1. Name every residue in the stretch 6-16 that is touching a Lys or Arg at 6+ places or on another chain (Cβ under 9 Å) and more than 13 Å from VAL92 (Cα to Cα), in order of residue number.
2. What residue, among those in the stretch 60-96 that are of a type in the set (D, E, K, R) and part of a strand (DSSP E or B), is nearest to GLU6 (Cα to Cα)?
3. So which residues in the stretch 26-43 are in a loop (DSSP other than H, G, I, E, B) and closer than 16 Å to THR90 by Cβ?
4. Do we have ASP50 as open to solvent by 40 Å² or more (accessible area, probe 1.4 Å) and touching a residue at least 12 places away in the same chain (Cβ under 8 Å) here?
Amino acid sequence: QVQVVESGGGLVQAGGSLRLSCKASGSISGFYTTAWYRQVPGKQREYIADISSNGITKYDDSAEDRFTISRDIAENTVYLQMNNLKPEDTGVYYCRHIQYQYDSWGQGTQVTVSQ
């Protein structure tokens, strides 16, 4: 199994920044992708960005130029740097680890952006 744990959420004013972390543990091997999603109440979980084990990154158009995904291979940790946050960025942010055998989600971390 692979487990992922998110951290780094919190309350921030509009225009501020946060860096979310997603730490993976367990049977990590081969090719895999780690992705970030956001969910707000009453809506489906939305894809933000992902990074694969070969280093290739992808972003949803909504990420614009404000979000950056990166990783620390040695720490098995993927980061989501979020800048110039807006109230509409408020939600629960989830990390997802996808590899051949596993598709694992974390419990999420709450991000709240105030006016």
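1. Restricting attention to the stretch 6-16, the residues satisfying the condition of being touching a Lys or Arg at 6+ places or on another chain (Cβ under 9 Å) are 6-8, 14-15.
If the condition is that a residue be touching a Lys or Arg at 6+ places or on another chain (Cβ under 9 Å) and more than 13 Å from VAL92 (Cα to Cα), then ALA14, GLY15 are the ones that fit.
2. Quick first cut of the stretch 60-96, residues of a type in the set (D, E, K, R) only: 60-61, 64-66, 71-72, 75, 86, 88-89, 96.
Right, trim to part of a strand (DSSP E or B) and you get 71-72, 96.
On the way: ARG71: 13, ASP72: 14, ARG96: 10 Å.
Among them, the one singled out is ARG96.
3. Keep residues of the stretch 26-43 that are in a loop (DSSP other than H, G, I, E, B), which gives 27-31, 40-43.
Within the stretch 26-43, VAL40, PRO41, GLY42, LYS43 meet the criteria.
4. Details: open to solvent by 40 Å² or more (accessible area, probe 1.4 Å): no; touching a residue at least 12 places away in the same chain (Cβ under 8 Å): yes.
So ASP50 does not fit the description; no.
Let's see how each residue does on (1) under 14 Å from ALA49 (Cβ atoms); (2) loosely packed, with under 14 Cβ neighbours inside 10 Å:
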position: TYR59; (1), (2): yes, no
position: ASP65; (1), (2): yes, yes
position: ASP72; (1), (2): no, yes
position: TYR79; (1), (2): yes, no
position: MET82; (1), (2): yes, no
position: ASP103; (1), (2): no, yes
position: GLY106; (1), (2): no, no
position: SER114; (1), (2): no, yes
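The values are calculated or read from the model by the stated rules, or taken from the named source; none is laboratory data. Here the structure is a predicted model, which is why all the values come from computation and not from measurement. All Cβ positions, even for glycine, are placed from backbone atoms using ideal geometry, and neighbour counts span all protein chains on display. Surface areas here come from the heavy atoms of the whole protein model, side chains and all, with no ligands, DNA or RNA. Shrake-Rupley method; radii C 1.70, N 1.55, O 1.52, S 1.80 Å.
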